[in-house]
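> One structure follows; several queries about it will come next.
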Amino acid sequence: MKKSIKTLLLASFFIVIGCKQNEQATSESTSETTEVQSGGQENVVDETSVPNIVQTAIASKDHTTLVAAVKAAGLVTSLSNAGPFTVFAPTNAAFEKLPAGTVEGLLKPEKKGDLENILGYHTYVGTLKTDYMQDGQEFDMVFGGKVKITKKDGKTFVNGSEIVTSIETGNGIIHVINDVLLPK
């Protein structure tokens, strides 16, 4: 009987030690997982989801200036969230049409507020598909001001700038335009 009790105690001891080690491993694994995922939506990467607006823009060679502006304005996380959002996305060529030094000036930290306003004027909360846009419609943008939609010869324009193409993303839609929209 004493031998059975000793064996039972010894087995219990090993079980308790084994469980504690397993708890520590689980705890360490959980904290590592939390650290990796704590960066926000912009850090979520998987191979099955449709890329969000920011991921789509980053992948475009025609939108490097826009991506730099979004980063400088601190809007990466906001535009990576669930949305839905509609972004009227000026191409690099659109930014080149601005007076010399404008883009460089806006990318400076002290101009962050101005940059946020300009980018917010390109962003609508909700999904606006060109098929459903009507001539003369106006939409309130994120950082104030309205944009006006016009339709002409089967083409859709926002504030006079043609929507060249539209790209559906995981959290909204991007309408590529060839002009920078400036709040009025």
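The values are calculated or read from the model by the stated rules, or taken from the named source; none is laboratory data. Just so it is clear, the structure is predicted and the values come from calculations on it, not from any experiment. So basically every Cβ, Gly included, is an ideal-geometry build from the backbone, and we count neighbours across all protein chains shown. Protein only, heavy atoms only, side chains kept; ligands, DNA and RNA dropped before computing areas. Shrake-Rupley method; radii C 1.70, N 1.55, O 1.52, S 1.80 Å.
> Looking at segment 86-173, what strands (runs of 3 or more DSSP E) fall wholly within it and have at least 2 residues that are out of contact with any Asp or Glu (no Cβ under 8 Å at 6 or more places or on another chain)?
The qualifying strands (runs of 3 or more DSSP E) are 123-125, 138-140, 155-158, 161-169.
> Any idea which of (1) part of a helix (DSSP H, G or I); (2) surrounded by fewer than 16 Cβ atoms within 10 Å (Cβ to Cβ); (3) modelled with pLDDT of 90 or more; (4) more than 16 Å from the chain's Cα centre (by Cα) is the one residue 71 doesn't satisfy?
Exception for residue 71: condition (4).
> Quick one: how many residues across segment 165-184 are free of Cβ contacts under 8 Å to residues at least 60 places away in the same chain and of a type in the set (A, V, I, L, M)?
Matching residues across segment 165-184 total 0.
> Does residue 86 satisfy the condition of being without any contact (Cβ under 8 Å) to a residue 60 or more places away in the chain and open to solvent by less than 40 Å² (accessible area, probe 1.4 Å)?
Considered against the rule, which asks whether it is without any contact (Cβ under 8 Å) to a residue 60 or more places away in the chain and open to solvent by less than 40 Å² (accessible area, probe 1.4 Å), residue 86 comes out as no.
> Hey, another quick one. Any residue in segment 95-110 that is closer than 17 Å to residue 181 by Cα sitting within a Cβ distance under 7 Å of a residue that is among the hydroxyl-bearing types (Ser, Thr, Tyr)? List the pairs, counting only those 6 or more apart or interchain.
Here the result reads 95/65; 103/65, each pair linking segment 95-110 to a residue that is among the hydroxyl-bearing types (Ser, Thr, Tyr).
> Could you check, for segment 104-127, whether at least one of its residues is at pLDDT below 95, acidic (Asp, Glu), under 21 Å from the mean Cα position of the chain (by Cα) and over 15 Å from residue 63 (Cβ atoms)?
yes
> Report, by residue number, each residue of segment 116-175 that is of a type in the set (Ser, Thr, Tyr) and in contact with a Ser or Thr (Cβ under 8 Å, 6 or more places away or on another chain).
Matches in segment 116-175: 123, 124, 127, 130, 150, 156, 166, 169.
> Further, regarding this structure: Determine if segment 52-64 includes at least one residue that is part of a loop (DSSP other than H, G, I, E, B), charged (D, E, K, R) and either at pLDDT 90 or above or open to solvent by 80 Å² or more (accessible area, probe 1.4 Å) (or both).
There is no residue in segment 52-64 that is part of a loop (DSSP other than H, G, I, E, B), charged (D, E, K, R) and either at pLDDT 90 or above or open to solvent by 80 Å² or more (accessible area, probe 1.4 Å) (or both).
> I'd like the full set of residues that are among the β-branched types (Val, Ile, Thr), closer than 20 Å to residue 73 by Cβ and open to solvent by 20 Å² or more (accessible area, probe 1.4 Å), limited to segment 125-168.
Hits for segment 125-168 are 125, 142.
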